[in-house]
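See structure below.
The values are calculated or read from the model by the stated rules, or taken from the named source; none is laboratory data. In this text, all values refer to a predicted model and were calculated from it rather than measured experimentally. Cβ placement follows ideal geometry from the backbone for every residue including glycine, while neighbour counts extend to all protein chains displayed. For the accessible areas, the whole protein counts, side chains as well, though only heavy atoms, and no ligand, DNA or RNA atoms are used. Shrake-Rupley method; radii C 1.70, N 1.55, O 1.52, S 1.80 Å.
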2 protein chains.
Amino acid sequence: MQSTMQDVPLTVQGIMRHGVATYGDSVCVTRRPDGYRQASFAEVAERADRLAGALAALGVGPDDRVGTFMWNTQEHLEAYLAVPSMGAVLHTVNIRLFPEQLAFVINHAEDRVLLVDASVAPLLARVRDRLTTVERIVVVDRPAGESVEGLGETIDYEELLASQRPGFAWPELDERQAASMCYTSGTTGDPKGVVYSHRSMWLHAFSGMTANTTGMGQNDRVLVVVPMFHVNAWGAPYTAFLAGADLVMPERFLQAAPLAEIFATQRPTLSLGVPTIWNDLLRYAEEHPVDLSSVRLLVGGGSAVPRSLMAAYQERFGVTLLQGWGMTETSPVCAVSWPPRGVPAEEELTWRAKTGRVVAGVEVRVVAEDGTVLPNDGRSVGEFEVRGPWITGAYYKDPSSDRFHDGWLRTGDVGTLDEHNVMVISDRTKDVIKSGGEWISSVDLENQVMAHPAVFEAAVVGVPDPKWGERPLVCYVPAPGHQVDPAEVLAFLQDRVVRWWLPERWAAVPEVPKTSVGKFDKKVLRAKALAGELTIVDVPLPERAETAGR
Amino acid sequence: MQSTMQDVPLTVQGIMRHGVATYGDSVCVTRRPDGYRQASFAEVAERADRLAGALAALGVGPDDRVGTFMWNTQEHLEAYLAVPSMGAVLHTVNIRLFPEQLAFVINHAEDRVLLVDASVAPLLARVRDRLTTVERIVVVDRPAGESVEGLGETIDYEELLASQRPGFAWPELDERQAASMCYTSGTTGDPKGVVYSHRSMWLHAFSGMTANTTGMGQNDRVLVVVPMFHVNAWGAPYTAFLAGADLVMPERFLQAAPLAEIFATQRPTLSLGVPTIWNDLLRYAEEHPVDLSSVRLLVGGGSAVPRSLMAAYQERFGVTLLQGWGMTETSPVCAVSWPPRGVPAEEELTWRAKTGRVVAGVEVRVVAEDGTVLPNDGRSVGEFEVRGPWITGAYYKDPSSDRFHDGWLRTGDVGTLDEHNVMVISDRTKDVIKSGGEWISSVDLENQVMAHPAVFEAAVVGVPDPKWGERPLVCYVPAPGHQVDPAEVLAFLQDRVVRWWLPERWAAVPEVPKTSVGKFDKKVLRAKALAGELTIVDVPLPERAETAGR
């Protein structure tokens, strides 16, 4: 039986129309080298309208990809609104990609036009010759009368907008058509493309307004530190437009000092960023004034937010630092670490330090290696699989992926789910160590090793073992001015991990190799270990510890 | 270009699954004659599972309509979850319908099974003989061992559930298929059916969690005074299940005294109901203790919430009483009267007393009689038209309706929309008075008349006038112990309305006729006036007032 409901698609156009009609006087503030620039949502939308007209005049048609290579700015917001709304596809390119990856993603997405911030244009210039599909490059903030070295002929963004009058004829869109795309920063193989739909972007943006996530509303002022090239800036730009929340864009000024100044002068109520940012700001606050009195909520994500960091923000500033979890493949927000209600105050941090509670609209399950769905008991360990209207079901032009299982996305993360639908991630599937039939969490183990004061950094990887299948190898970097005695660290670990986790293999390394987004690149370490390029020391385990594998 | 997103439908099943997986220990509390009964969301869902099995065993298949004739209770919530999730269609029947309407809607919807509260079974018994499609009647709270007079053979709800084990095989659903239906309480002609989809119910429920509406979250406890047979109880049951908010169900105990007790003992944070309820509670508070200290927000809707009532709640209890606007045709929530931010404190009530600000997901426009879309300038008066994924685009089995215009629903309400997307309704299109080419708001005029202390109630209708086309006729009921002198009221009005609105025709009536939902039934008054059944007195207008029509 059919309903009688109207068939109105969920689109980025709808987000733009609602923001303008309802919150036309909310503002987007962008940090500039010489201060701040402010524009109302009405002005932003008017410029987005002209941008759409201008792109169409450049030949951008339905489904054509328009790449952005930009910081968080008003112009990037204009592209977020204009490109999907005109029926084209916004491809946000990570400015921190290595050159090979950069060329790969632009060519793979077949971007026809790129919008580029002048300040990062040199990064693009390095690969310009390798870009096979890019026809036009539009430069934002191009120094007057100057060309941009290495990019060939470019178009000035403001001149482009000036060439148009508003009144673009926005096409009718299907909510399932592509709105935007983003590539994973996978540590293995080429980056993989995820293509978001209008529907997924709308629903994900809506989710950000709900009380159990960030509850963004018209009284908020949102400092978006997480880059807009980093998985849709976690949905914040669209959510803010739907909710009427002011947006504060830090552009390239992401160091602690300018961020402190932005907090003090722009007085955001809500801010989102990776833990490194919050860590830097905290350290900065040790010697400088930092005013977070306007803030009601900070959100960290992209990597696990340490409990100690949350505790420090609570103590130092009285500010709640929450963590969210998601991936490029999941738009990204799947879980937010609000504790279940009724949790005693002294346990709150314990809950906030867990990966997060699954948000409405997303389903998560834990699956054993044989495909069995495990119970939500907080104990059964398996791979997380995710399902929902803003979760990808495939990779772009990559039909052969094994990351999809029965309609669910295999996340590659391993952990538990409890009776409150709270996820705790303990490892990546590819990093987990299988010893005597049991899983050892490389992340837990390296965190315990790093808790030793003599250790600066440590990564734990699995290496083949004739008896147990695999055993952990600790690759450690001593803290400045310290020597590391593996036997002593091993003794330190004895009360901190179960006995059969205790690692007998140790290798000093000058640094832990990292990916383009700063994550430990364990595949490099595994390869070096296998190739005999690490000096591995066998350390005798303490007594009774040989019952590894239980 | 297709996106790579998963194709996961938005369904009531999804609402149920999320509530159970995440907030299984949130509760539904139902007021009973002898106290309160409480069940966790996990228990409610387990019973919904058995209800689905039992209904299937009774022969309920895909698309079959299951009617409910029930108060707000845990069992009604179970039906809300089970019936749509099993692929059948929930038809919530208004227990306050007149018998003819009652028989009409059940027959028109072709309900096969009815779930009926024993306490209202006699109302159904009056029309049992006229119900042509109902095969089974299931009675909730049936007195043990007794039959229910006039309903023939009935089934006991608890016995029915006891006959099943959980584990119903929920079918895969299309989000656009029918989930539930509700009939309008139109004052003209037969009630009209609106069929909600799974998609519309999901999106509408999601909307209730957003900060700019009620922001319902896991820390809320929601007293649902608005009946679940009254347009989905404004979405509250589904929103609460998605958000993990406790539900408090008042059953038949809707009078001020039991409501006060529920507020005091159950300590809700949020409650929704028609203005009459809030008015009754306020009066009750004059002589009895009323404790609203747990409440963060009250919402009124169904008819305009008087500013004086909002002011009284603010002063007496320090509680925000907000109004929402919507219709059966709109699921219902389209607008909520949060003032734009930055409004000075002393103007806040003025803004809250406006009809409301359009919520994300809904589009509203004002249209002139010739179909022209008017500007959002707060001045241009026209009919409101509404569009969105939870707005109906048709009536059930009624293809000929003239209420749809170019993909938009014509609301039949007249008013203005301002630059903040704030609606102000001044009248119903059919009640508006057209005098000398200009519109006179019957609602504004009667509100001004009712502001006179000698007037208890007044309804204003248009009557034919040879010179001006139409002129207003005031039908008034004197306040107890008062006499009404129309000339004196007219003098009272002189500074309160523009001159050409001043009404020269007056008729005393014993009472203002009302519809089944308590609205002024002006078509009855118009008919009486035309039939000469009212004693109409012509009162000379004050000087210079004859320039009616400007």
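Couple of notes before you dig in:
- For segment B:359-387, a residue qualifies if it is touching a Ser or Thr at 6+ places or on another chain (Cβ under 7 Å), open to solvent by 60 Å² or more (accessible area, probe 1.4 Å) and either part of a strand (DSSP E or B) or of a type in the set (Val, Ile, Thr) (or both), and exactly one does: B:381.
- Residue within segment B:335-351 that is away from every other protein chain (no Cβ under 11 Å), open to solvent by 20 Å² or more (accessible area, probe 1.4 Å), within 30 Å of residue B:196 (Cβ to Cβ) and not in a helix (DSSP H, G or I) present: no
- Checked against the criteria, residue A:263 counts as aromatic (Phe, Trp, Tyr) and under 18 Å from residue A:282 (Cβ atoms).
- Scanning segment B:163-219 for residues that are of a type in the set (Phe, Trp, Tyr), within 12 Å of another protein chain (Cβ to nearest Cβ) and over 17 Å from the mean Cα position of the chain (by Cα) yields B:202, B:206.
- Residues in segment A:329-372 that are in contact with a Lys or Arg (Cβ under 8 Å, 6 or more places away or on another chain) and of a type in the set (S, T, N, Q): A:337, A:350.
- Screening segment B:389-458 for strands (runs of 3 or more DSSP E) wholly inside it with 3 or more residues that are more than 10 Å from every other protein chain (Cβ to nearest Cβ) and in contact with a Lys or Arg (Cβ under 9 Å, 6 or more places away or on another chain) returns the ranges B:408-417, B:422-428.
This table checks each residue for (1) crowded, with 23+ Cβ neighbours inside 10 Å; (2) under 18 Å from residue B:228 (Cα atoms); (3) in the same structural domain as residue B:127 (by TED's automatic domain parsing).
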residue: B:52; (1), (2), (3): yes, no, yes
residue: B:58; (1), (2), (3): no, no, yes
residue: B:64; (1), (2), (3): no, no, yes
residue: B:67; (1), (2), (3): yes, yes, yes
residue: B:72; (1), (2), (3): yes, yes, yes
residue: B:77; (1), (2), (3): yes, yes, yes
residue: B:85; (1), (2), (3): yes, yes, yes
residue: B:95; (1), (2), (3): no, yes, yes
residue: B:107; (1), (2), (3): no, no, yes
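- Some residue of segment B:31-48 being crowded, with 20+ Cβ neighbours inside 10 Å and farther than 30 Å from residue A:10 by Cβ: yes
Rundown of residues vs (1) under 31 Å from the mean Cα position of the chain (by Cα); (2) in contact (Cβ under 8 Å) with a residue 60 or more places away in the chain, yes/no style:
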residue: B:466; (1), (2): no, no
residue: B:473; (1), (2): yes, yes
residue: B:487; (1), (2): no, no
residue: B:497; (1), (2): yes, no
residue: B:509; (1), (2): yes, no
residue: B:513; (1), (2): yes, no
residue: B:516; (1), (2): yes, yes
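- Under the condition of being out of contact with any Ser or Thr (no Cβ under 9 Å at 6 or more places or on another chain) and more than 22 Å from residue A:162 (Cβ to Cβ), the residues counted in segment A:54-100 number 8.
- Complete set of residues in segment A:518-531 that are of a type in the set (A, V, I, L, M, F, W, C) and touching a residue at least 60 places away in the same chain (Cβ under 8 Å): A:520, A:525, A:529, A:530
- Meets criteria (over 19 Å from the mean Cα position of the chain (by Cα), away from chain A (no Cβ under 14 Å) and touching a residue at least 24 places away in the same chain (Cβ under 8 Å)) for residue B:379: yes
- Meeting the requirement of 3 or more residues that are within 25 Å of the chain's Cα centre (by Cα), the strands (runs of 3 or more DSSP E) wholly within segment A:1-77 are A:27-32, A:65-69.
- Residue in segment A:159-166 that is closer than 30 Å to residue A:515 by Cβ and modelled with pLDDT of 95 or more present: no
- Residue match in segment B:96-109 (condition: facing chain A (nearest Cβ under 9 Å) and either on the phi > 0 side of the Ramachandran plot or not charged (D, E, K, R) (or both)): no
- Residue match in segment A:62-77 (condition: out of contact with any strand residue (DSSP E or B) (no Cβ under 9 Å at 6 or more places or on another chain) and either away from chain B (no Cβ under 14 Å) or of a type in the set (A, V, I, L, M, F, W, C) (or both)): no
- All positions within segment B:1-25 that are more than 7 Å from chain A (Cβ to nearest Cβ), within 23 Å of residue A:197 (Cα to Cα) and open to solvent by less than 10 Å² (accessible area, probe 1.4 Å): B:11, B:12, B:15
- Every test in (1) of a type outside the set (D, E, K, R); (2) touching a helix residue (DSSP H, G or I) at 6+ places or on another chain (Cβ under 8 Å); (3) without any contact (Cβ under 8 Å) to a residue 24 or more places away in the chain is passed by residue A:144 save one, and that test is (2).
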